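Notes follow the structure.
The values are calculated or read from the model by the stated rules, or taken from the named source; none is laboratory data. Here the structure is a predicted model, which means the values were calculated and not measured. Positions of Cβ are backbone-derived with ideal geometry, glycine not excepted, and every protein chain shown enters the neighbour counts. Please note that ligands, DNA and RNA were not included when accessible areas were found on the heavy atoms of the full protein model with its side chains. Shrake-Rupley method; radii C 1.70, N 1.55, O 1.52, S 1.80 Å.
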Amino acid sequence: MNSVILIGRLTRDPELRFTAGTGKAVATFTIAVNRPFSQSNEADFFRVVVWGKQGENCANYLSKGRLVGIQGRLQNNNYETSTGEKRYTTEIVANIVEFLDRGNRTDRSEGFSAGFNDTEFSDFTDDGSDGFQAIEDDDDIPF
């Protein structure tokens, strides 16, 4: 099984290219993912590749600093430099890219809200209750 799920912020704007033969879109970008138990806020950087229409959407609506969720697979590649050195790379080939924040309204995503609008979440409050009620007595537990 080869499955990866990451949440991180873009380190720069996505780069969009089209393949020579078929003209298929491919977007590439790098995300920074914080290490969960790091004392000094360390991060790992992953190169992400997104194909097709989803790649075009990433290039059009994402920009540096945006928070994204990535689901995909790891892929290893190698190539030889002009000096004959062999280089190895690892990248995430994304199947799903979720835009997790609204972004800055002055960036390229102006008018795009990744499917959210201000009224969808008006019923939720940030009082820390999470909609759950505390159980006072263990006898109230149904199991």
Quiz item: Plugging the Kirkwood radius over Cα pairs into Stokes-Einstein for the stretch 42-87, at a temperature of 4 °C and a viscosity of 1.567 mPa s, what D comes out in µm²/s?
Solution: 95 µm²/s
Quiz prompt | Sorted peptide list for 62-71, 2-11, criterion being average Cβ within 10 angstrom, highest first | solution = 62-71, 2-11
Self-check item: Net +/- balance of residues flanking Ala43 in space, Cβ distance below 13 Å, scoring K and R +1, D and E -1
Solution: 0
Self-check item: Ratio of Rg to Rh over the stretch 1-68 (Cα coordinates, Kirkwood Rh, two decimals)
Solution: 1.06
Quiz prompt | Theoretical FRET efficiency, 1/(1+(r/R0)^6), r = Cβ-Cβ of Glu42 and Asn78, R0 22 Å, to 0.05 | solution = 0.20
Self-check item: Å² per residue, accessible surface of the stretch 1-45 at 1.4 Å
Solution: 72 Å²
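Averaged over every viewing direction, what's the projected area of the C-alpha convex hull for the stretch 1-40? Give it in nm², one decimal, please.
On the way: hull surface 19.6 nm².
Answer in nm², one decimal: 4.9.
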Quiz prompt | Separation of the Gln71 and Leu16 label points, Cα + 7 Å toward Cβ, nm | solution = 2.4 nm
Quiz item: What net charge is computed for the residues neighbouring Val93, neighbours being all others with C-beta under 14 Å from the C-beta of Val93, Lys and Arg scored +1, Asp and Glu -1?
Solution: +2
